[in-house]
Amino acid sequence: MQEARGAYVWDLDGDKYVDYVGAWGPLVLGHGDPRVLSAVSDVAKRMQVVGTGHRLEYLAAEAVLEAVPHGERLLWSNTGTEAVQVALRLARAATGRRRVLKFAKSYHGWHDTVYAGMSEDDCDRPAAPGGAGQSTSVLDDLVVARFNDVRLAERLLGEAVERDIAAVLVDPVMSNAGVEAPSPEFLSTLRTLCDRHGVVLVFDEVIAGFRIARGGAAEKYGVLPDLSVFGKAMAGGFTQSAVVGRAELVDQVTAGVVHAGTFNANPIALAAVEATMRALADPSVYKLLEQNSSEFEALVGGALASCPGSGRFNRVGSLLQYVPAGGATGLHGTGGIWTTILEGMLRRGFLFMPSGKVFVSTAHTTADIEATAEALDRLLQTS
């Protein structure tokens, strides 16, 4: 691509596409939101990376903490992968334990310590690495449960002391594994079990985070974790992440827990964070986001439904996932007829992801969504 504005991108030939990739999640406000670009442009003329403190470190932090129900302290980092590692280090330091309970198929970054247990079959058995070149020596630190399986969580966390479990790491919505929402009792049970057995509850909200609600999963589902990891939507298209949560956990970085990074809290990214979070404080943003997402589900999903056996869309807020009829989804792709849809829609000027995830923004219009549904309907009729 050579240009991106609003809900659209243009390739090197100048061809325009309605963009449902959305940089894999950050662009709740669409490409090039003027409020974000203005803030970034202003600070970029004055400083880039300075290596000392600056006002945006706390102005941006205050904008995030104002939104998050359990936000007492905030620690800046760059990517979701880095921030997850920091959160787990804080949990280990606080508990004196070493293992992490995660859930099969859930993605928490590319790091060796968490990119494992990516298959449903890995549940309640030693985790397998997710890819080549990974160190297997760290996999003993993982205990793998099944998302929404309350009984298994109760059994594994009931053995938290014996198993040396320091943290539960969970994406409150299985964002990279079919956009599966938590059952009504699942997150609250995890909260109760963590309290009972001295385990730190960590929400990985890098994808879902400020996309599903201004206050993230804590606001949407009413369960307060000890720590949350945010990224993507927080910075409106710039690179920034954060660990947010209880003061006694985060403050450990002043008492021996090491967290480093030259570009942590750099002024340009934090200008984007503050501007984005101020924009997201307007309730009309989430009203429009829900309207656009529900229209996509109804119209584009309706086009799918008109062709028997074509599959459906799962949706949680503005996060959607194509699910093939009788099939499964995965981090890197999905089954059914999605490849046909992906290629056919690309030729018609609509950009989607191979994984089947769909990211809707406030920049998308009803006309965009109607055109998408019409194009999909024509594609399915001729396929």
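Observations on the model:
- Computed over protein heavy atoms with a 1.4 Å probe, the carbon and sulfur contribution to the accessible area of the chain reaches 51%.
- Shape category assigned to segment 82-206 from the gyration tensor of Cα positions, a/c cut at 1.5: rounded
- Both radii are taken from the alpha-carbon atoms of segment 256-304; with Rh as the Kirkwood radius, Rg/Rh is 1.30.
- Bridge orientation summary for the chain: considering DSSP beta bridges with both residues in this region, about 65 percent are antiparallel.
- Rounded, prolate or oblate (a/c below 1.5 giving rounded, otherwise prolate when a/b exceeds b/c) for segment 121-192 by Cα gyration tensor: oblate
- Under a 5 Å amide H cut-off, with hydrogens placed 1.01 Å from N, Val316 pairs with nothing among residues at least 5 apart or on other chains.
- The residues of segment 172-318 present an accessible area of 34 Å² per residue when probed at 1.4 Å with all protein chains retained.
- MRE, 222 nm, helices only [DSSP H, n ≥ 4, -39500 (n - 2.57), over the chain, to nearest 500]: -11000 deg cm²/dmol
- Å² per residue, accessible surface of segment 46-165 at 1.4 Å: 47 Å²
- The 3J(HN,Hα) values that the Karplus relation (6.51, -1.76, 1.60; θ = phi - 60°) gives for segment 291-296 are, in residue order, 4, 5, 5, 5, 5, 4 Hz. Gly and Pro appear as x.
- For the peptides 4-11, 21-28, the ranking by packing is 21-28, 4-11, with the highest mean count of neighbouring Cβ atoms within 10 Å listed first.
- Segment Val138-Glu159, length gained on full extension (0.36 nm per residue, minus Cα span): 5.5 nm
- For q = 0.16, 0.26 Å⁻¹, Debye-computed log10 I/I(0) when each Cα of segment 51-122 counts as one equal scatterer: -0.76, -1.19
- Taking the Cα centre of the chain as reference, the dipole from Cβ charges on Lys and Arg (+1) and Asp and Glu (-1) amounts to some 280 debye.
- Among Leu380, Ser306, Val360 - extreme Cα towards positive end, dipole of the chain, charges at beta-carbon: Val360
- Positive-end extreme of charge dipole, the chain - chosen from His70, Tyr8, Val170 (charges on Cβ): His70
- Shape of the chain, Cα gyration tensor, a/c cut at 1.5: oblate
- Mean Cβ neighbour count within 10 Å, used as a protection proxy, ranking 281-291, 143-153 highest first: 143-153, 281-291
- Between the C-alpha center of segment 141-210 and that of segment 228-256 there is a gap of 19 Å.
- Part-to-part distance (alpha-carbon centres) for segment 84-115 and segment 50-73, which is given in Å: 24 Å
- Distance between the 7 Å Cα→Cβ label points at Arg55 and Phe263: 2.5 nm.
- Size of segment 275-347 as Cα extents on the principal axes (Å, biggest first): 41, 26, 26
- 3J(HN,Hα) along segment 32-45, derived from phi through the Karplus expression 6.51 cos²θ - 1.76 cosθ + 1.60 where θ = phi - 60°, amounts to x, 4, x, 5, 6, 5, 5, 5, 5, 4, 4, 6, 5, 6 Hz, with x in place of Gly and Pro.
- 25 Å Cα cut-off, lysine pairs counted over the chain (separation 8 or more, or different chains): 15
- Ser183/Leu12 FRET efficiency (R0 35 Å; Cβ-Cβ; nearest 0.05): 0.15
The values are calculated or read from the model by the stated rules, or taken from the named source; none is laboratory data. Since the structure is predicted, the reported quantities are computational estimates derived from the model, not experimental observations. Backbone-built Cβ (ideal geometry, glycine too); neighbour counts: all protein chains shown. Side chains are part of the model used for accessible areas, which takes the heavy atoms of the whole protein and leaves out ligands, DNA and RNA. Shrake-Rupley method; radii C 1.70, N 1.55, O 1.52, S 1.80 Å.
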